[in-house]
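None of the figures in this text is laboratory data; all of them are computed from the coordinates on show. This structure is a prediction, so every number in the text was calculated from the model and none was measured. Ideal geometry is used to build each Cβ from the backbone, glycine not excepted, and the neighbour counts take in all protein chains shown.
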Amino acid sequence: MVHLLSSERPSLAAAPTTLRSFLANWFANAKARRARRVAFQSLLEYDAHRLEDLGISRQDLFEAMDHPSQRPGLRLAQRRAESARNWLDP
């Protein structure tokens, strides 16, 4: 803030911005959670052979859904990479 008026309280002036950023973050996180849930639900509709072609299994999807705080996308990517490595030597 370049100019500070003596009657202005900076902490109160910043409160709406903080509230706005909090709400924006909350909505962004809710949107991301919903997109992740929709993606998992669409993957669960695939049959076992299609999931196997992707390098994952239903159990991998259920584990990712049960533990969303442990970066489910990374877990699924690791499972796919492991499946790709073991493709020729099962």
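Of the GluC sites (Glu not before Pro) found in the stretch 43-73, the ones in coil according to DSSP and having at most 14 other Cβ atoms within 10 Å of their Cβ are 45. Computed extension length for residue 21-residue 58: 9.6 nm, one decimal, from 0.36 nm per residue of separation with the Cα-Cα distance subtracted.
If I take R0 = 41 Å and measure r between the Cβ atoms of residue 65 and residue 88 in this structure, what FRET efficiency does the formula 1/(1 + (r/R0)^6) give, to the nearest 0.05? Write down the numbers at each step before the final one.
Working: r = 30 Å, r/R0 = 0.73.
Once rounded, the FRET efficiency stands at 0.85.
Filter the chymotrypsin sites (Phe, Trp or Tyr not before Pro) in the stretch 26-90 down to the DSSP loop ones having no more than 12 other Cβ atoms within 10 Å, then list what survives. Don't jump to the answer; show the numbers that get you there.
Working: sites: 26, 27, 40, 46, 62, 87; in loops: 46, 87.
Passing sites in the stretch 26-90 are 87.
When each of the peptides 79-85, 30-36, 54-60 is scored by how many other beta carbons lie within 10 Å of its residues on average, the order from highest to lowest is 54-60, 79-85, 30-36.
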